[in-house]
Amino acid sequence: MRILFVSTSTTLGGAEKTLYCLATLLDPKQLQTAAVVSLKPFGPYAERLQALGVQTLSLGLRGRPGLKHVRELAKVIDHYKPDIVHAVMYQAIQLSRLAKGRCAHKFKLVSSPRVNYRSRSAITLLVDRALKNRDDLLIAECEASRQFLIKKLGYKPEKVKTIHNGIDVAGWPASKMDRQQKRLELRLGAQELLIGAIGRLDAQKGHYVLLEALAKVRKKYPAKLVIIGEGPKHAALEAQIKRLHLADAVWLLGERDDVTAWLSTIDVFALPSLWEGLPNALLEAMALGLPVVASAVDGVPEAVRDNETGLLVPPRQVEPLARRLAELCADPALRTRLGAQARAFVFEHFTLTRMIHQYEDAYLNWL
């Protein structure tokens, strides 16, 4: 069975990472990756796919897609003749739905809407509603997203399946050498507590709440913070850091390809998002045995059970986040307990192997 993957982009994001794993790790005796199509110009994951010999194409999209891109995608599908087209993220999904109506070749369409559907405009959701019946199967990354698609967007329950994100737990060993090296870069002492957050610098990720909370925590505990990611809120966050007098306590590191090393460096992982699906960064932090403080939104409580596998706080609220961070600063035993339980929970429920097997079952049996 041949699969053509279509993604809006191949940058360093959670959806792109899942697509990369599927395109390279499915059982080749049963499922073959025909090609990967990126609507936008190539990003890091496209380069990695090409290095592994996976056929990778770009439609060169800059800005909004048009009928030209629908025709180009239909032409690619007719050329590769896949049994399944699996589309990831909003633009890729809509173009694949439109292309399905133009292709001479017949195929099954699998769509993976991500959490950003929650922030889509009314017009884009109308487009989605008009085209949604062209899907043969939808796969949500968490049960919260599945319920959103069914209850808010009117998808048929029998066509929407939940497959939780999974990570390669074998590939996440803590590294004392990485920890030592990165802390030297930051001029941190061995015992100084470092909080870390990973995510696009966008309003959704709630970094502004985290900075306000850190300012309160530092009145009692000398914690510091690194944020990995890039995005449109970079300048606003820099201004906030300056206003809060946190310039010597916060580092905006931008996009990094050494995330494992940085996760080995931090002591507490924070996820202050306003809404989320089930972010890979959260699962990776938990797999490494880090204690996490996370907003109780959408799919996050499916992995973070309050006071068991982490600490949950309401979104957008500074005081509860500051209070839970302070608890972890003050209590090394609590950090150890929550980190160990988080690691065990991820190893049991959110492994990459489990995710891949569930996708294989969806492709081979559901379709």
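Bear in mind these aren't lab numbers, they're just calculated from the coordinates by the rules spelled out. Quick caveat: nothing in here was measured; it's all calculated off a predicted structure. Positions of Cβ are backbone-derived with ideal geometry, glycine not excepted, and every protein chain shown enters the neighbour counts.
Here are a few things to note about the model shown:
- Overall shape: oblate for region 152-232, with the ratio a/c of the largest to smallest alpha carbon gyration tensor axis at 1.5 or above and b/c at least equal to a/b.
- The protection proxy used here, the mean number of other Cβ atoms lying within 10 Å of each residue, ranks peptides 40-47, 199-206 as follows, highest first: 199-206, 40-47.
- In degrees, nearest ten, helix 234-243 long axis to first principal axis of the chain (Cα): 10
- Here the gap between residue 349 and residue 257, fully extended at 0.36 nm per residue and compared with their Cα-Cα distance, gives a gain of 30.6 nm.
- Translational diffusion of the chain, µm² s⁻¹ [Kirkwood Rh, Cα pairs; Stokes-Einstein; 10 °C; 1.306 mPa s]: 74
- Contour excess over end-to-end distance, with Cα ends at residue 365 and residue 129 and 0.36 nm allotted per residue: 82.3 nm
- Here the Karplus relation 6.51 cos²θ - 1.76 cosθ + 1.60, evaluated at θ = phi - 60°, turns the backbone of region 315-321 into coupling constants of x, 6, 10, 6, 4, x, 5 Hz, with x for every Gly and Pro.
- Using C-alpha pairs under 8 Å with a sequence gap of at least 6, the mean separation divided by the residue count of the chain gives a relative contact order of 14 percent.
- Phi angles of region 32-39 translate, via the Karplus equation with coefficients 6.51, -1.76, 1.60 and θ = phi - 60°, into HN-Hα couplings of 10, 7, 5, 5, 10, 10, 9, 5 Hz per residue; Gly and Pro are given as x.
- Net length gained if the chain between residue 75 and residue 333 were fully extended (0.36 nm per residue, minus Cα distance): 87.0 nm
- Residues of region 1-21 with an amide N closer than 16 Å to a point placed 7 Å from the Cα of residue 50 along the Cα-to-Cβ direction: 9-12.
- Using C-alpha pairs below 8 Å separated by at least 6 residues, the relative contact order for region 169-349 is 24 percent.
- Pairwise centroid distance, computed over Cα atoms, of region 164-231 with region 31-77, Å: 33
- Using R0 = 45 Å, the C-beta based FRET efficiency linking residue 136 and residue 236 works out to 0.60.
- Tensor-based shape of region 96-231 (alpha-carbon gyration tensor, a/c under 1.5 rounded, otherwise prolate or oblate): prolate
- Nearest-20 debye value, the chain charge dipole, Cβ charges on Lys, Arg, Asp, Glu: 1080
- Among 155-166, 248-259, the order from most to least packed when residues are scored by Cβ within 10 Å on average: 155-166, 248-259
- Whether region 169-349 is rounded, prolate or oblate, judged on the alpha carbon gyration tensor where a/c under 1.5 counts as rounded: rounded
- Against the chain, whose longest principal axis comes from its Cα atoms, helix 332-349 is set at around 10 degrees.
- Region 44-76 residues near the modelled residue 24 label - backbone nitrogen below 19 Å, point 7 Å along Cα→Cβ: 44-58
- Taking the C-alpha atoms only, the angle from helix 122-131 to the longest principal axis of the chain is near 40 degrees.
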